[in-house]
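Before we start, here is the structure in question, set down as structure tokens.
The values are calculated or read from the model by the stated rules, or taken from the named source; none is laboratory data. Nothing here was measured: the structure is a model prediction, and the numbers come from that model. All Cβ positions, glycine included, derive from the backbone under ideal geometry; neighbour counts span all protein chains shown. Only protein heavy atoms, including side chains, enter the accessible area calculation; ligands, DNA and RNA are left aside. Shrake-Rupley method; radii C 1.70, N 1.55, O 1.52, S 1.80 Å.
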Amino acid sequence: VTSPCKILKCNSEFWAATSGSHHLGTEEAPEFCTALRAYAHCTRRTARTCRGDLAYHSAVHGIDDLMVQHNCSKDGPTSQPRLRTLPPGDSQERSDSPEICHYEKSFHKHSAAPNYTHCGLFGDPHLRTFTDTFQTCKVQGAWPLIDNNYLNVQVTNTPVLPGSTATATSKLTIIFKSFQECVDQKVYQAEMDELPAAFADGSKNGGDKHGANSLKITEKVSGQHIEIQAKYIGTTIVVRQVGRYLTFAVRMPEEVVNAVEDRDSQGLYLCLRGCPLNQQIDFQTIRSAQATEGRARRKEPSLPAAPEAFTYETATAKCREKLPVEDLYFQSCVFDLLTTGDVNFMLAAYYAFEDVKMLHSNKDKLHLYERTRDLAAGNTAPLGSPHGLWVALLCLIQCWFGLL
């Protein structure tokens, strides 16, 4: 899936044209305004195809702010100025940051250490919320994962196979909002087969401010694994490409999670509220699907072709290779192999659990064996016996395909 929105190209052209311009004398300020007008012109050209793109709307607002800051006129030349190279001592190399740009030092200097929470999204897709609720969801199309005063995260999920109800994450957009003297607004965007090791403007840190290095991108494995450290909000984000699709994991202080001006706007904030009820797939109510098993099997030959056909037994054996503990990550792995036939979903579940081990602050909660669904805090809904669960799970898969 390739987006027709060309906002990344606009961002890159503006960055290339203005890199180092903040070191120039005031007599060259008009050159920056020229580049800014060219940037605005580029965004207008791609406006029609970018209406639902967070990076586009972020760029438009950013241009307006820069116009005001630099006293630029909206009317004037738009030819691109000459390309510049970053001079020595640019903010890309800064290591010194003011104390306010380090969350633990600034906000918790005289109090207890912050309580960190974790959220993850992977596979078909499976969601682990900040409250350790585990859900399997449909959520096709664009959905917000996080939306608070400091950052926005949006994912786009697309069908794995033509005509299938199985979906996976094909696009991810993260917007880090400008914060005091620490960081400029930055946008990170990844798509299928494109996992950049830089922000959309080509930079790898928080920009030109004194605390720019309190926001940094590190490439762990080229094209497969990046990590974003946002020290000014005590947050770590891990993005992976596994097979063709993306996974997301974050570690964030509760104070940042709950930092919103309008709490009513959090209704669709998936990492906090979970998926809407009509988007959840509830294993606990699938037992009645056993009655349709025969009909589902008769329709099985008409299913879309999958890379590899798995039975319940072979899927279980394959998942046990990487996930020996039969928790919800293991169950998700089996579910995904049966729905997609793609062995990469086993790796997605494996890496999702590896990220939990790295990011979750409570090591006693790494494995989840029970599933909660919009219950009061502290209540859990038991899944029943393992055998019963797997019968229900298998029936769910067959029921899905039987309805195609």
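Residue-by-condition table, conditions (1) more than 15 Å from the chain's Cα centre (by Cα); (2) open to solvent by 30 Å² or more (accessible area, probe 1.4 Å); (3) at pLDDT 85 or above:
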| position | (1), (2), (3) |
| --- | --- |
| Ser265 | yes, yes, no |
| Tyr269 | no, no, no |
| Asp282 | yes, no, no |
| Thr292 | yes, yes, no |
| Arg295 | yes, yes, no |
| Arg298 | yes, yes, no |
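Across segment 202-227, which residue is most open to solvent (accessible area, probe 1.4 Å) among those that are within 29 Å of Gly123 (Cα to Cα) and among the acidic types (Asp, Glu)?
Glu219
Something else about it: Report, by residue number, each residue of segment 171-199 that is open to solvent by 20 Å² or more (accessible area, probe 1.4 Å), touching a Gly at 6+ places or on another chain (Cβ under 7 Å) and not charged (D, E, K, R).
Hit for segment 171-199 is Gln185, nothing else.
So, one more: In contact with a strand residue (DSSP E or B) (Cβ under 7 Å, 6 or more places away or on another chain) and within 16 Å of Tyr351 (Cα to Cα) - does that describe any residue in segment 182-189? Write out each step before concluding.
The first filter runs over segment 182-189 and keeps only residues in contact with a strand residue (DSSP E or B) (Cβ under 7 Å, 6 or more places away or on another chain), leaving 183, 185-189.
Next, from what is left, pick out any that are within 16 Å of Tyr351 (Cα to Cα): none.
Checked against the condition, which is being in contact with a strand residue (DSSP E or B) (Cβ under 7 Å, 6 or more places away or on another chain) and within 16 Å of Tyr351 (Cα to Cα), segment 182-189 yields no hits at all.
Would a scan of segment 177-189 turn up a residue that is modelled with pLDDT under 95, polar (S, T, N, Q), at positive phi and outside the structural domain of Phe345 (by the TED database)?
Taking every residue of segment 177-189 in turn, at least one turns out to be modelled with pLDDT under 95, polar (S, T, N, Q), at positive phi and outside the structural domain of Phe345 (by the TED database).
Restricting the search to segment 111-163, which residues are of a type in the set (Asp, Glu) and over 19 Å from Ile174 (Cα atoms)?
Going residue by residue through segment 111-163, those that are of a type in the set (Asp, Glu) are 124, 132, 147.
Result: Asp124, Asp132.
Within segment 147-165, take every residue that is farther than 30 Å from Ile233 by Cα and polar (S, T, N, Q) and give me the one that is most open to solvent (accessible area, probe 1.4 Å). Steps first, answer last, please.
Let us first name the residues in segment 147-165 that are farther than 30 Å from Ile233 by Cα, namely 158-165.
Within this subset, residues satisfying the condition of being polar (S, T, N, Q) are 158, 164-165.
On the way: Thr158: 24, Ser164: 12, Thr165: 70 Å².
Filtering segment 147-165 for residues that are farther than 30 Å from Ile233 by Cα and polar (S, T, N, Q), the one most open to solvent (accessible area, probe 1.4 Å) comes out as Thr165.
Going by the conditions given, is Ala168 in contact with a strand residue (DSSP E or B) (Cβ under 6 Å, 6 or more places away or on another chain) and surrounded by fewer than 17 Cβ atoms within 10 Å (Cβ to Cβ)? Give the steps one after another, and end with the answer.
On the way: in contact with a strand residue (DSSP E or B) (Cβ under 6 Å, 6 or more places away or on another chain): yes; surrounded by fewer than 17 Cβ atoms within 10 Å (Cβ to Cβ): no.
No.
Is at least one residue of segment 347-370 at pLDDT below 90 and buried (at least 20 other Cβ atoms within 10 Å of the Cβ)?
Looking through segment 347-370, none of the residues is at pLDDT below 90 and buried (at least 20 other Cβ atoms within 10 Å of the Cβ).
Continuing with this model, one more query. Among the listed residues Val68, Val60, which satisfies the condition of being at pLDDT 75 or above, open to solvent by 80 Å² or more (accessible area, probe 1.4 Å) and part of a helix (DSSP H, G or I)?
Values: Val60 fails: open to solvent by 80 Å² or more (accessible area, probe 1.4 Å).
It is Val68.
Sticking with this one: Give me the residue from segment 315-342 that is part of a loop (DSSP other than H, G, I, E, B) and closer than 15 Å to Thr247 by Cβ and, out of that set, modelled with the lowest pLDDT.
Asp342
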